Amino acid sequence: MELAIRAKNTASRLPSPCKNWHIGSVAVIGHSGVYLGFATHDHRPHRSARTGTGNLDHGRTDQAGTWPWSASQESDWRVGLMRQKRTFEENLALAKARVQQAAALQTVVAEKSLEVQLPLWAEVCRGVPNSVLRSALFGVVRRGPRSFQQRVQKASVEGIKIIHTGPQLDQADLDVWEQALQLARTGGLGCRIQFTASQFLKCIGRGNGKSQHEWLKGAFARLAASVVEIKDGHRAYFGAILSHGGRDDQSGRYVIEMNPKLIELYGLDGWSSVEFGQRMALKKRPLAQWLHGYYSSHAKPFPVKVDTLHRLCGSQNAAIKGFKQELKSALEKLEEVTHWRWEIDASDLVHLSKVPTVSQARYLLKRGLVHSGR
C-alpha cells in the first residue's frame with residue numbers, strides 16, 4: 001500500500017516534459033488484502049523512434065532523465081512488487097481462511113452468550129429447582145431393570161406439572177444431576193464442564209472401581225436420554241435434563257453441557273438449597289433422600305397425608321400399609337441426620353418441624369409467617 005501511495009504522489013509531481021504520462025492501476029497484495037494502487041508509464045515514442053530506429057519506451061532505465069526516480073529505485077520497486085504478488089490459488093485460500101476465521105469468531109461469541117449464571121448457593125449445598133424436589137421425577141425406584149416412559153405425567157404437588165420421556169430416574173441419578181449443576185454453578189449453564197470420572201465419583205460419595213465407572217456412564221446416558229416438560233407456575237422448561245457430553249475412555253475425562261434454558265426453573269423463589277453432606281449421609285436410603293429433598297424445599301412444612309407422600313415420591317410399594325412402615329423407618333433416619341422432628345398422627349398426617357435456612361427465614365418473615373423478635 002505504501003508503494004502504491006508513493007507512485008500516486010509521484011505522478012502528481014511529474015515535470016512538464018512528462019505530461020504524456022498516464023496512470024495505470026496496479027494491484028498490490030498486502031497483509032490485510034488487495035489494494036488497488038497506481039503506477040506511471042510513459043507511452044511517448046523514444047526519441048530514437050522519432051527517427052525510425054527505436055521502439056515504444058515504457059520508462060525504462062535508459063531514460064533516467066524523464067523517470068520520476070532513479071533506475072536503481074525503479075528496479076527495487078519492481079522487485080518488491082513482484083515479491084508481494086500471490087497466485088490466484090493463494091488469494092482464494094487466503095479469502096477462505098478469513099471467512100472461516102470470522103465464522104469461528106461469531107460462533108464463539110454466540111456460545112458465550114448462551115452461558116447463564118445459576119444462583120449462588122453455599123459450597124456445601126446443592127441448588128435444586130423446587131419442581132424437581134416436590135415430584136416423582138427422581139423417584140424411589142427399586143433396583144433392577146428400568147422401564148422406559150413415554151410422555152408420562154409424574155406425580156407432583158399442586159401447581160407443578162411434569163411430563164417425562166425416557167428411562168426411570170432414581171435418587172442416585174439425582175446425585176449425579178445435582179453434582180453437574182454444582183460444577184455448572186461457577187462457569188454457567190451452557191458452558192463446557194470438564195472433569196474426570198474419579199473426581200466426580202468421589203464428590204458424590206462413591207468408590208473408584210470399574211463397576212462405579214460403568215454405573216456413572218449409565219447415569220449420564222439416562223440423564224441425556226430424559227426429556228422433560230416442567231411447568232411450575234409461570235416458569236416452564238422443556239428439553240433434556242442433561243444437554244449432551246463426551247468422554248475419553250482412556251483418560252477417564254468427561255466433557256458435558258447443561259442446557260442454559262434450565263434457568264427458567266430457578267427464578268428468585270423457584271429453587272432450594274439442599275445440604276449435600278446430609279444427603280450423602282442418607283445414601284442407600286432412597287426414600288429418606290427423597291424426603292430430605294422434599295422437606296428442604298419447604299421453609300415451614302405443613303402436614304401431609306401418608307398416601308400423598310406415597311404418590312409424590314413414586315414409591316413402587318403398592319401397599320399403603322407397607323409403605324407406612326418404610327416411611328417411619330426413613331423419617332427416623334432423617335431425624336438422626338438432620339435433627340428434624342416428626343410424628344404421624346391418628347389421621348395418618350405426617351407432621352415435620354425444622355429450623356429454616358437463612359434464606360427461608362427471610363422468606364417467612366417477608367410473608368409474615370414468623371415474628372422478627374423470635
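The values are calculated or read from the model by the stated rules, or taken from the named source; none is laboratory data. Nothing here was measured: the structure is a model prediction, and the numbers come from that model. Using ideal geometry, Cβ is built from the backbone for each residue, glycine included, and neighbour counts are taken over all protein chains shown. Just the protein is used for accessible areas: all its heavy atoms, side chains included, with ligands, DNA and RNA removed. Shrake-Rupley method; radii C 1.70, N 1.55, O 1.52, S 1.80 Å.
Figures for the structure shown
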read-out	value
Some residue of segment 235-254 being acidic (Asp, Glu), at pLDDT below 95 and within 14 Å of the chain's Cα centre (by Cα)	no
Total residues in segment 302-333, condition assigned to a loop (DSSP other than H, G, I, E, B), in contact (Cβ under 8 Å) with a residue 24 or more places away in the chain and farther than 24 Å from Leu169 by Cβ	1
Evaluation of Ser272 against (1) surrounded by fewer than 19 Cβ atoms within 10 Å (Cβ to Cβ); (2) part of a strand (DSSP E or B) (one fails), failing number	(1)
Test set (1) under 27 Å from Glu229 (Cβ atoms); (2) open to solvent by 20 Å² or more (accessible area, probe 1.4 Å) - Tyr266 fails condition number	(2)
Every pair of residues 6+ apart whose Cβ atoms lie under 6 Å, when the first sits in segment 238-251 and is touching a residue at least 60 places away in the same chain (Cβ under 8 Å) and of a type outside the set (Val, Ile, Thr) while the second is surrounded by 17 or more Cβ atoms within 10 Å (Cβ to Cβ) and outside any strand (DSSP E or B)	Leu242/Leu223
